[in-house]
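Here the structure comes first, spelled out in structure tokens, and everything after it is commentary.
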Amino acid sequence: MGKNTVIKSSKEILINSASRDLIVEDFKQFEFKDPKTGLTLGYNLYIPKNYDKNKKYPLVLFIHDAGPTDLKETVVALIQGNGAIIFASPEEQAKHEAFVLAPKYNKKIVNDDGNIDPLLDTTLNLLDYLKNEYSIDTDRLYTTGQSMGGMMSIVMNFRQPDLFAASYLVACQWDPKEVSTMARNNLWITVSTGDAKAYPGMNAITSELIKRGATVAKDSWRADYTDAQFLEGARKVIAQKSNIKYTTLEKSTNPYLPKDANPGLEHSGTWKVAYSIPGIKDWMFLQSKQWRALKNFK
């Protein structure tokens, strides 16, 4: 693996269910020493079990929120939520065989004031490194993240609008004045209407993207929908011709939260639901840069 160093993770940190732990253990832990920025970034990588170097695989980049930044173990990016391991589950891999990349950040990389740490560039350089190390389909790179991770995904999209085939943005926001270059990108946004920052923030972003030529399909869902109800809702949104899908979870319907949850809990509670919604991941894996280029040409 060149300059990458394998890191053995502590078993004590695996505190979830047995099946969840098995998925976590399917990831390998490495360090990327970035020759361009001089920075080092720890990361988790899921390599498809039947990896064949003669075959091209999609890659999903999952970026965690600011919660784990005080915790040192690289593997905490996997157990803090299910945004990474959901893509590496046997059920998901059976449908969509893919690499899953989950970096671990030890500080806030972006914040609400628009500050951006150089580790964001290191993350992009890590993607370039992995594309050379493995047989990865560069037309099917995807990014997703919650809160800080979603904000990082937004920044990556407007800085390099031709990089990702699709992005899943969960409970995040950014300065709408900076996002114009991503107006043609395939985005799926999920926020709670009770989220005091992300909800108005993503409303502002989608309004700006519409001005720049984006088409947006919107729908409002209860967060306590059954899988069947979520799937029906997702299919209705997917059926609408648009490059941006914007779905909201109604305030005070999140089954993981008390009925009188404050806006902070509505924010963090979003990703407890968002990554388990059927249909969204299927939509994401259908997107490719080749198809996007064809649609934009038309």
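The values are calculated or read from the model by the stated rules, or taken from the named source; none is laboratory data. Quick caveat: nothing in here was measured; it's all calculated off a predicted structure. Cβ coordinates were reconstructed from backbone atoms using ideal geometry, including for glycine residues, and neighbour counts include every protein chain displayed. Accessible surface is based on the protein model in full, side chains and every heavy atom, while ligands, DNA and RNA are left aside. Shrake-Rupley method; radii C 1.70, N 1.55, O 1.52, S 1.80 Å.
Figures for the structure shown
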quantity	calculated
Qualifying lysines (Cα of each under 20 Å from Cα of Lys49; at least 8 residues distant if same chain)	Lys8, Lys28, Lys95, Lys131, Lys281
Shape category assigned to region 115-224 from the gyration tensor of Cα positions, a/c cut at 1.5	prolate
Under 16 Å from Lys259, Cα to Cα: aspartates and glutamates that are on another chain or at least 8 residues apart	Asp195, Asp224, Glu250
Residue-count net charge about Asp195 - beta-carbon cut-off 9 Å; Lys, Arg +1, Asp, Glu -1	+1
Among beta bridges that DSSP assigns inside the chain, antiparallel share in %, nearest 5	30
Three-way shape label, region 40-96, alpha-carbon gyration tensor, a/c 1.5	prolate
Heavy atoms of Ser276: accessible area, 1.4 Å probe, square angstrom to 10	60
Dipole of region 10-143, positive direction: furthest Cα of Ala77, Ala88, Ile109, with charges on the beta-carbon	Ala88
For the chain, convex hull volume per residue from C-alpha positions, Å³	130
Heavy-atom surface of the chain, accessible at 1.4 Å and reported per residue (Å²)	45
Most positive-pole-ward Cα, Trp271, Ala66, Leu120, against dipole of the chain from beta carbon charges	Leu120
Surface share of carbon and sulfur [accessible, 1.4 angstrom probe, percent] for region 159-298	52
Global form of region 19-139, assessed from the alpha-carbon gyration tensor, a/c cut-off 1.5	oblate
